[in-house]
Structure formats: C-alpha cells, structure tokens
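Student: Below you'll find the structure I mean.
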C-alpha cells in the first residue's frame, strides 16, 4: 500500500513541478521545496519528541541520501523540466532498475531469480517504448542535455538505493529525514544564490499550493516512504516497484498538461505494470527462504535491531 501511495504522490508531482516552474525559478523552487519539507518533519518529530542528532554511524547514509539523491535529483529535475515534458522526464529517471540490477548482479554478485530477470526485461522494455526516438527531439540541445541529465540522475539514485539497503541503520529513516533534508538544502541554496540572485518568485495562490505538495508530501513523506520500502523489499524489487511512478507521471502529464499519449505509450504502460507485478509480488520459494533463514541464524542480534528499526518506522 505504501508503494501504491508513493507512486501516486511522486508520479503526480512531475506535472505539478512543471506547473510550478511557471512562477518560480528552478533552484529557488528547490530551496522552498526542501525548506517546507524540513519544517514539516521538524514539527512532526518534535511533537513526538523524536528530534535528535543522528548517530555517527548514520552520517554516511545522511550524506548519501541528502547530497546524492535528494539534492542532485531536485536540481536536475527542476532544470530538465524546463525543456523535457513532465511525463517523459519521469520515465527517464525511473529507468534506474536497470542500473540497480546491473550493480547487484555484477558488483555484489547477487543471484538473480527468474521473476526478477523477467520483470526487469518487461519493465525496461516498457520504458524503452515510452522514450522511443519518435517522441523526443534529439536535435534540440536543451532537450538532449535534459534527457542525458535525467538518465544520469537515475544512475545516481541506483547507487543510493543499494546503499540504503546495505547500510546498518542505527536510527530509523523517519528520524533521519530532517538531517537528510537539511543536508540537501545547503548545496541547492548555494546554487540558487549564485545563479538566480536577480530572479524573483511570482507569488500566486497556486504557488503556495504547489509548494505544500512539493515539500511536505512529495519530499518529506515520499523520501521516508521510499527508504522504508527499499529496506523492506530490497534494491531490485523496490526499484521495479518504483516503475509505477512514471506510469502515473505520463497519465497525469496527459490529464493536467495535455501531453500526448499514443498506442506505444499504452503498450509500454502494460509492460511496466506486468514487470512490477512479477518482480515485487513473487517472493522467494519456501526452500530458498528456509536456506536463507538457516544461514542467518547466527545474526539474530542484527535481525532484532533491524526489526526494532522497522517497528519504529511504523510509529
């Protein structure tokens, strides 16, 4: 259920950001998005008396998520959306399961299950159908640069996704969210001050509504949810599950912005959804699970710690 909610929130956010860029400079928009998300998390954790400094052991994950995933993603997203359609932009970023699988199977020597391979092939095939050359003007420099930057963003996200799963968490993702958002805000603020010093925001009622969606919901909540999902499902199933986001992004881009959809888009949607189902809904066999449980018997203390962190997330 959390994965479904996240797909709707993140998928709808792409056309909303496109709309927000009509009234806000891209980097200033990013700063306000992070600031509003940070305020929301501080209020929530402060009310629960959970606002505390992160343990030293969690500093690497705070830096990884804050600088590489959140900060870089916001800057690339806001700049690229000025030239690339919202729906297509979401598809380009969410090709990241390809990079996650490549890293897990080659660098970390993880054994691939049949449903993961089949789901990945279907999902990536659907993504390729959705970004076929007939719908992208490769001759426009800004659109080409934005397209390449969004693909690079997906690669960076893949690295962070694996780090989230392999990191030994001392605090829960929820408790670390304020520190991740504060870390992300520093480079975005510096870039906005250097590059957008003379530009101003056109404050309209929709500007405030867009910021309320982008900050507390699409940044604070969504980043916590994505980290919790990745810790629970693992890098490859979580990355495949996130492929539901560009499907929602293309549909909402069509509904809210009038971006065109064709028969190839519909076929791509179907392949992506089927790939997600194969990868995320089919779990390891009982025999495989028993073998995994036997091999993990000596790590009961670590398992108890992880269970405690997961229980804390549910609160």
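Student: Looking at segment 251-266, which of the residues that are assigned to a helix (DSSP H, G or I) and at pLDDT below 80 is surrounded by the fewest Cβ atoms within 10 Å (Cβ to Cβ)?
Tutor: In this case the residue turns out to be 263.
Student: Can I ask one more? Check every one of the helices (runs of 4 or more DSSP H) wholly within segment 12-126 and list those with 2 or more residues that are under 15 Å from residue 180 (Cβ atoms). Show your work before the answer.
Tutor: On the way: elements: 26-47, 59-63, 72-80, 86-93, 96-102.
Filter on segment 12-126 gives 26-47, 59-63, 72-80.
Student: Test residue 21 against the stated conditions and say whether it is out of contact with any strand residue (DSSP E or B) (no Cβ under 9 Å at 6 or more places or on another chain), surrounded by 22 or more Cβ atoms within 10 Å (Cβ to Cβ) and over 20 Å from residue 154 (Cβ atoms).
Tutor: no
Student: May I pose another question? For segment 79-96, does any single residue satisfy the condition of being at pLDDT 80 or above, more than 28 Å from residue 262 (Cβ to Cβ) and crowded, with 19+ Cβ neighbours inside 10 Å?
Tutor: So far as segment 79-96 goes, no, none of its residues is at pLDDT 80 or above, more than 28 Å from residue 262 (Cβ to Cβ) and crowded, with 19+ Cβ neighbours inside 10 Å.
Student: Within segment 186-208, identify whether any single residue is modelled with pLDDT of 90 or more and surrounded by 22 or more Cβ atoms within 10 Å (Cβ to Cβ), and answer yes or no.
Tutor: Yes.
Student: Going through 181, 156, 195, 150 one at a time, which residue ends up being closer than 20 Å to residue 52 by Cβ and in contact (Cβ under 8 Å) with a residue 60 or more places away in the chain? I'd like the intermediate steps shown before the answer.
Tutor: On the way: 156 fails: closer than 20 Å to residue 52 by Cβ; 195 fails: closer than 20 Å to residue 52 by Cβ; 150 fails: closer than 20 Å to residue 52 by Cβ.
Being closer than 20 Å to residue 52 by Cβ and in contact (Cβ under 8 Å) with a residue 60 or more places away in the chain holds for just one of 181, 156, 195, 150, which is 181.
Student: Show me the helices (runs of 4 or more DSSP H) found entirely inside segment 133-243 where at least 2 residues are in contact with a helix residue (DSSP H, G or I) (Cβ under 7 Å, 6 or more places away or on another chain) and more than 22 Å from residue 17 (Cα to Cα).
Tutor: In segment 133-243, the matching helices (runs of 4 or more DSSP H) lie at 141-166, 173-195, 222-233, 235-241.
Student: Residue under question is residue 99, and the condition is that it be over 19 Å from residue 242 (Cβ atoms) and surrounded by fewer than 24 Cβ atoms within 10 Å (Cβ to Cβ); does it hold?
Tutor: Working: over 19 Å from residue 242 (Cβ atoms): no; surrounded by fewer than 24 Cβ atoms within 10 Å (Cβ to Cβ): yes.
Criteria not met by residue 99.
The values are calculated or read from the model by the stated rules, or taken from the named source; none is laboratory data. All of these numbers come straight from a predicted model, not from anything done at the bench. When we count neighbours, we look across all protein chains shown, and the Cβ atoms used for this are built from the backbone with ideal geometry, even at glycine.
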